[in-house]
Amino acid sequence: MPTILAIETSCDESASAVVQDRRVLSSIISSQIVTHRITGGIVPEVASREHLQTLNLVIAQALEQASVRWADIDAIAVTCAPGLVGSLLMGAMVAKTLALIHDKPLLAIHHHEGHIYSAFLSDPQLEPPFLCLLVSGGDTRLVAVEGYGQYRLLGQTRDDAVGEAYDKVARMLNLGYPGGPAIDQLAQRGNPKAFPLPRGKLDHLYDMSFSGLKTAVLRLVEKHHAQNLPLDAADLAASFQRTVVEVLTDRVLRAMESLSYDTVVVAGGVSANQGLRKRLGVVTEQRGGRAIFPPMAYCTDNAAMIGCAASQRYVQGYRSHLNVGVFSRLSLQAIDDLYDESKA
């Protein structure tokens, strides 16, 4: 059972963890939310500088919390794709340096694979095959996990990711950053049927679109302001959230029925959304299936999920070159680009 030191810096969290298989020995996250709240969103250059300032301390804390020494570490894992290039470079630079100094194998991990593996941290008995609904600020897709490291893309957003749509709608309603938790909380007090909103009509069975929904909310806000009419922000937030949740749930149920899957894993930052957790949990159970959500601590970006994915890769014999690059975009299907072709 390998002991993995993992590093995650794909966006605006500096994170490190020590993981043994599916057991988390430590998980440290330094968030930049307060910094980016000033600008209402992430400034890539600022995020990179924050990683540079905090990452060494975060790694030291992870080792201390896990009560392990460098001699106990079998490999170092780091997120190398996808994400903000500057942020990814900070984590990769540190991971490569540590791997060289301490003579440890390096494992470059795909961020989306990490999110998929976050489910194993809540259900250690989970085994493929299963569906994964990956919903975050930068990505929304439905994936068939056919085996360890074997992924088939079923559908994805044609435009805005779910988390991105949440942030933009929150900005329209002056709810601040990040928008997802703010809308989720406000929606609990509103009428989800107050505003009929478009769900996006696509020919593809599993694809999604949220741009039209976002635009519809904008037009409602502009109309009420232009006519000096009162606008119940809670009702609009509830209506927006209901629409998003119904779209996501619909795609999941289609795949479960068509492909005979009985388990769906929901991963990524939006998996913390209470509306989605409640609705998808109920409907999958009604159909004889189950929905697995990561613990709240592992919904947003963290290094524990990276370490969990790396543990499986390590056992399978995967290794990465010290000159492995970072990629702002990289599909799950191209994941082998992160590894040495001479895999054992």
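We did not get these values from a lab; they are worked out from the coordinates using the rules stated. Values in this document were obtained by computation on a predicted structure and should not be read as measured data. Cβ sites come from the backbone with ideal geometry, for glycine too, and all protein chains shown count toward neighbours.
For ALA297 and GLU222, the difference between the fully extended length at 0.36 nm per residue and the C-alpha to C-alpha distance is 23.3 nm. Ordering 255-262, 114-121 by mean Cβ neighbour count within 10 Å, with the highest value first, yields 114-121, 255-262. If you sort the three axes of the alpha carbon gyration tensor as a ≥ b ≥ c, you get a/c of 1.5 or more for the range 127-293 and a/b above b/c, which makes it prolate.
Take the Cβ atoms of HIS321 and ILE38, set R0 to 56 Å, and the FRET efficiency comes out at 0.90. Legend: distances between Cα atoms for LYS214/LYS278; LYS201/LYS278; LYS96/LYS214; pairs beyond 32 Å are LYS96/LYS214.
Across the chain, Cα pairs under 8 Å and at least six residues apart give a relative contact order of 24 percent. Centre-to-centre separation between the Cα atoms of the range 47-91 and those of the range 139-187: 25 Å. Label-to-label distance for LEU259 and LEU57 is 4.3 nm, based on points extended 7 Å past Cα in the beta-carbon direction.
Annotation: extensible slack from ARG152 through ARG171 equals 3.4 nm (criterion: 0.36 nm per residue apart, minus Cα-Cα distance).
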